[in-house]
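Visitor: Pasting in a structure now, in structure tokens, and then I'll have a few things to ask.
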Protein chains: 2
Amino acid sequence: MSVVLAVDIGGTKLAAALVEPDGRVVVQDRAPTPNAPGVDGEELWQALEALLGKLVADAGGPPLAGVGVGCGGPMTWPAAEVSPLNIPAWRGFPLRERLRDRYPGLPVRIHNDAICVAIGEHWLGAGRGHGNVLGMVVSTGVGGGLILGGRLVNGASGNAGHIGHIIVDPGGPPCECGGRGCLEAVARGPGLVAWAREQGWRPGSRDATGVELAADARGADPVAGAAMRRAGRAIGIAIASATHLCDLEVVAIGGGLSQAGPLLFDPLADAFRTHARMEFARRVRIVPAELGQTAGLVGAAALVYAQDRYWSAG
Amino acid sequence: MSVVLAVDIGGTKLAAALVEPDGRVVVQDRAPTPNAPGVDGEELWQALEALLGKLVADAGGPPLAGVGVGCGGPMTWPAAEVSPLNIPAWRGFPLRERLRDRYPGLPVRIHNDAICVAIGEHWLGAGRGHGNVLGMVVSTGVGGGLILGGRLVNGASGNAGHIGHIIVDPGGPPCECGGRGCLEAVARGPGLVAWAREQGWRPGSRDATGVELAADARGADPVAGAAMRRAGRAIGIAIASATHLCDLEVVAIGGGLSQAGPLLFDPLADAFRTHARMEFARRVRIVPAELGQTAGLVGAAALVYAQDRYWSAG
């Protein structure tokens with residue numbers, strides 16, 4: 001049986017897996033992303049190539065059905081010249097072309113990493129069996145992917161799904177996108193951490209992240225709890241807007257911050273209920289993502305296995 | 001050559017037309033909607049039936065390819081038991097079933113009136129030739145329809161396209177939907193008129209509408225101008241959110257308020273530029289709708305003529 005080589009490329013780690021047609025991850029491996037200042041794009045490519053080569057070789061060189069990749073944005077799509085925000089060594093790096101050269105004759109399909117998470121959750125996770133699903137990742141950034149009528153929505157340039165840039169507070173904080181009051185500006189981990197520090201939160205580590213903030217919130221730290229409420233409200237407002245526009249059935253939320261559980265989801269649901277009153281909108285189910293760390297890899301595999309739903313490009 | 005019988009049902013008027021396969025409106029007619037207190041649903045149905053019967057008879061009884069209808073929401077979809085907000089006589093009225101009985105053997109397809117306007121603009125108006133289009137109607141309410149990947153998005157229950165309920169100001173005015181800070185709460189004609197009156201606007205007529213407000217703004221009335229800026233900003237924010245989520249190419253804006261021209265579109269563009277900074281979002285074109293009053297009828301006809309794009313239901 002052939003397998004798909006699935007890849008997830010982020011600023012801190014490179015992950016890869018062999019995935020069977022039913023979505024089962026047979027083997028996986030990972031390596032730190034060579035991302036120190038001065039690292040060049042070829043060095044990063046070689047690290048990726050080594051990771052993939054070793055994974056396939058260790059598995060006995062099974063026949064491959066294709067290569068599916070989730071990578072941080074932005075990128076051109078579907079050509080996938082990638083310029084991940086948090087990987088400065090790659091700017092316009094021709095990732096799809098390189099992978100096609102490395103794996104000749106195989107389909108190579110690349111999409112935004114948050115979109116791959118959403119695809120994974122739709123294919124086999126919290127959104128399974130529903131036609132209209134928003135998958136979200138609330139982490140260092142806030143990303144997502146949109147499935148409508150049972151198919152991935154790409155939009156004009158592959159950029160649909162940017163739920164992190166729904167405006168939740170027009171006079172709110174500036175966003176890294178250059179705008180103001182985006183969901184991401186309010187609810188991204190580093191933004192929340194900065195806000196909590198200003199309010200007097202004293203984390204255990206100097207490089208505390210949203211995951212630590214979520215843990216402190218579970219431990220009843222009042223400022224950390226307030227930060228979760230702040231994030232939850234913003235997410236609830238954004239989901240209300242998205243639901244009104246797209247008539248969703250399920251919203252699946254993953255990423256480090258979602259580990260705060262009810263401390264995040266309760267204020268989120270409150271804000272959603274305040275703003276989403278029409279009957280069709282109230283029916284949406286807002287749930288934690290189910291696939292955890294492998295969602296992105298599973299979704300990347302689905303770009304190959306379930307192309308009718310998730311891959312409309314050439 | 002057969003024609004489609006296209007119908008547009010609103011709170012003040014019933015409109016109908018015969019539309020050719022290329023979208024040309026051959027003949028049209030209209031009648032006031034019997035909508036006085038105490039009118040019952042059957043009386044309204046008879047008025048509609050009379051209008052349609054006369055239109056077809058006067059045209060010499062051409063063969064019909066089908067019946068397409070835009071009707072005020074909400075409704076069940078695709079069954080089209082309609083309960084238009086501004087037509088109290090119809091609550092759960094089985095419009096599709098009645099039209100099927102009246103025109104046996106013909107396809108009868110009914111959708112939200114704002115969605116029909118968006119379809120019209122996509123089929124033959126400002127969105128023609130583009131795959132990813134939002135059509136908006138800014139009038140007594142704020143409605144819309146969403147075309148992505150070249151096809152109408154229906155969502156879970158036919159309610160996709162509710163751009164009027166994107167939240168533009170979470171602490172803003174209450175909305176008729178029960179929520180708060182929706183675009184519609186800020187930018188609908190009656191809301192703007194009320195706001196302008198509070199600010200000292202003195203309209204020429206007691207029952208002044210958004211159209212009169214737009215006219216006064218063109219006439220350099222300062223409060224009317226401020227009302228247009230208020231609406232424009234809110235619309236610009238909502239479009240920024242929609243563009244980020246759906247990666248749109250064209251947003252076409254129709255309805256009475258859009259007649260204010262640059263007095264509305266300039267502050268709209270300013271707000272959009274403030275909030276939509278990413279390259280893919282900046283590329284969207286925000287333009288006035290092109291088809292005017294007939295957009296809804298043309299779009300209703302397209303439910304029959306271009307079912308591959310606009311009608312995914314049975």
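Visitor: State whether the residues of the stretch A:304-314 include one that is within 12 Å of chain B (Cβ to nearest Cβ), out of contact with any Asp or Glu (no Cβ under 8 Å at 6 or more places or on another chain), part of a helix (DSSP H, G or I) and acidic (Asp, Glu).
Guide: There is no residue in the stretch A:304-314 that is within 12 Å of chain B (Cβ to nearest Cβ), out of contact with any Asp or Glu (no Cβ under 8 Å at 6 or more places or on another chain), part of a helix (DSSP H, G or I) and acidic (Asp, Glu).
Visitor: Just to be sure I understand, how many residues within the stretch B:121-152 are out of contact with any Lys or Arg (no Cβ under 9 Å at 6 or more places or on another chain) and crowded, with 24+ Cβ neighbours inside 10 Å?
Guide: 13
For every residue, the table says whether it meets (1) within 15 Å of the chain's Cα centre (by Cα); (2) within 21 Å of residue A:121 (Cα to Cα).
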{"residue": "A:135", "(1), (2)": "yes, yes"}
{"residue": "A:140", "(1), (2)": "yes, yes"}
{"residue": "A:155", "(1), (2)": "no, yes"}
{"residue": "A:171", "(1), (2)": "no, no"}
{"residue": "A:174", "(1), (2)": "no, no"}
{"residue": "A:182", "(1), (2)": "no, no"}
{"residue": "A:185", "(1), (2)": "no, no"}
{"residue": "A:195", "(1), (2)": "no, no"}
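Visitor: Also: Identify, from the list A:227, A:185, the residue that is closer than 30 Å to residue A:281 by Cβ, touching a Pro at 6+ places or on another chain (Cβ under 8 Å) and without any contact (Cβ under 8 Å) to a residue 40 or more places away in the chain. Spell out how you get there, then give the answer.
Guide: Working: A:227 fails: touching a Pro at 6+ places or on another chain (Cβ under 8 Å).
Only one candidate passes the filter, namely A:185.
Visitor: Filter the stretch B:78-120 for residues that are under 16 Å from residue A:278 (Cα atoms) and buried (at least 23 other Cβ atoms within 10 Å of the Cβ) and give the result.
Guide: B:82, B:84, B:112
Visitor: Go over the candidates A:80, A:15, A:47, A:59 one by one and state the one that is over 30 Å from residue A:128 (Cβ atoms) and either touching a Leu at 6+ places or on another chain (Cβ under 6 Å) or modelled with pLDDT of 95 or more (or both).
Guide: A:47
Visitor: List every residue pair whose Cβ atoms sit under 8 Å apart, with the two residues 6 or more apart in sequence or on different chains, where the first one lies in the stretch B:138-165 and is assigned by TED's automatic domain parsing to the domain that holds residue B:249 and the second, anywhere, is part of a loop (DSSP other than H, G, I, E, B) and of a type in the set (Lys, Arg).
Guide: B:138/B:188; B:139/B:188; B:140/B:188; B:141/B:188; B:142/B:188; B:156/A:283; B:157/A:283; B:164/B:188
Visitor: Just to be sure before I move on: is residue A:273 within 14 Å of another protein chain (Cβ to nearest Cβ), outside any helix (DSSP H, G or I) and either among the basic types (Lys, Arg) or closer than 21 Å to residue A:211 by Cα (or both) in the structure I sent?
Guide: So residue A:273 does not fit the description; no.
Visitor: Does the stretch B:276-291 hold any residues that are part of a helix (DSSP H, G or I) and of a type in the set (Lys, Arg), and which are they?
Guide: Across the stretch B:276-291, the qualifying residue is only B:282.
Visitor: Quick one: is residue A:220 surrounded by fewer than 23 Cβ atoms within 10 Å (Cβ to Cβ), over 20 Å from residue A:164 (Cβ atoms) and within 14 Å of another protein chain (Cβ to nearest Cβ)?
Guide: Taking the combined requirement at face value, the residue does not satisfy it.
Visitor: Every residue in the stretch A:155-188 that is at the interface with chain B (Cβ under 7 Å from one of its Cβ atoms), surrounded by fewer than 23 Cβ atoms within 10 Å (Cβ to Cβ) and not in a loop (DSSP other than H, G, I, E, B), please.
Guide: The one that is at the interface with chain B (Cβ under 7 Å from one of its Cβ atoms), surrounded by fewer than 23 Cβ atoms within 10 Å (Cβ to Cβ) and not in a loop (DSSP other than H, G, I, E, B): A:180.
The values are calculated or read from the model by the stated rules, or taken from the named source; none is laboratory data. Just so we're clear, the structure is a prediction, and the values are computed from it rather than from any experiment. Cβ sites come from the backbone with ideal geometry, for glycine too, and all protein chains shown count toward neighbours.
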